[in-house]
Amino acid sequence: MKKTRHDKDPFDLVIFDCDGVLVDSEVISCRAHAETLTRHGYPITAEQVLERFLGVSDREARQTIESEIGRRLPGDFEAQVKAATLQSYAQELRAIPDVGDAIDAIGLPKCVASSGTPEKIRHGLSCAGLYERLAPHIFSAGQVKRGKPAPDLFLFAAEQMRTPPARCLVIEDSLPGIAGAVAAGMTVLGFHGGSHCRPGYGETLRAAGAVTTFDDMRQLPGLIGRIGA
């Protein structure tokens, strides 16, 4: 793909979510989370984890569950989920189709803002062959007080990249992510091409605040140009 950049572009930075946008990881992550929760006395399916916690940090998902069951999960619960997830990553994880070419074709600075832990983000991007394209501009929910749907992570990423929020374009696949980006005063595109996305999910993302949606990463560079125009 030829790089697209115009002098009158309204954006100075593209912020990518990671899971479900760069790497096709949501099904893997939800399965690992569900199996670990069920083992600790909170029966739940991967589909239910997807519906309830897509885009939410592990820390905040844990707080929600502990408030429901009235007790604390084991101190190493997140480590157990992470270990199960990373083991599956090595065997199953793939990049979202054509995302590498799309990244290369976008003639704007880029960064990642993800609800995952730094280790999970790095491992996932490395398994998918994308880490070197985006490092070192990779930010995680652990660096801010509140994860998505709060705007904190997106505002932190913009600050680190020295870009005003209004000049940032966010690529998201989750409702909490879109809510956080909108609250940060950023423009959001909704991606619904991951294996976890059901029919009609694009309409759901638009209703949440995405200015437009797409399901094929080959469309992304052109979309950015058209939104700019």
Checklist line | Residue list for the stretch 100-137, restricted to those being of a type in the set (Val, Ile, Thr) and under 23 Å from residue 87 (Cα atoms) | finding: 112, 117, 121
Notebook entry, point to check: Which pairs have Cβ atoms under 7 Å, sit 6 or more apart or on different chains, and link a residue in the stretch 183-194 that is within 9 Å of residue 205 (Cβ to Cβ) to one that is part of a helix (DSSP H, G or I) and of a type in the set (Ser, Thr, Tyr)?
Noted result: 192/201
Margin query: Every residue in the stretch 204-216 that is in contact with a strand residue (DSSP E or B) (Cβ under 8 Å, 6 or more places away or on another chain) and in a helix (DSSP H, G or I), please.
Written below: 205, 206, 208
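Where residues in the stretch 54-68 are among the aliphatic types (A, V, I, L, M) and out of contact with any His (no Cβ under 8 Å at 6 or more places or on another chain), which of them is modelled with the highest pLDDT? Explain how you work it out, then say what you get.
First, pick out the residues of the stretch 54-68 that are among the aliphatic types (A, V, I, L, M): 54, 56, 61, 65.
Right, trim to out of contact with any His (no Cβ under 8 Å at 6 or more places or on another chain) and you get 56, 65.
Values: 56: 83, 65: 94.
Here the residue is 65.
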Checklist line | Test set (1) in a helix (DSSP H, G or I); (2) surrounded by fewer than 19 Cβ atoms within 10 Å (Cβ to Cβ) - residue 121 fails condition number | finding: (2)
Check: Can you spot a residue in the stretch 218-229 that is surrounded by fewer than 20 Cβ atoms within 10 Å (Cβ to Cβ), touching a His at 6+ places or on another chain (Cβ under 9 Å) and aliphatic (A, V, I, L, M)?
Finding: yes
Check: Within the stretch 15-31, which residues are surrounded by 23 or more Cβ atoms within 10 Å (Cβ to Cβ) and on the phi < 0 side of the Ramachandran plot?
Finding: 15, 16, 17, 18, 19, 21, 22, 23, 25, 28, 29, 30
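The values are calculated or read from the model by the stated rules, or taken from the named source; none is laboratory data. Because the structure is a prediction, the values reported are computed rather than measured. Note: ideal-geometry Cβ built from the backbone for every residue, glycine included; neighbour counts use all protein chains shown.
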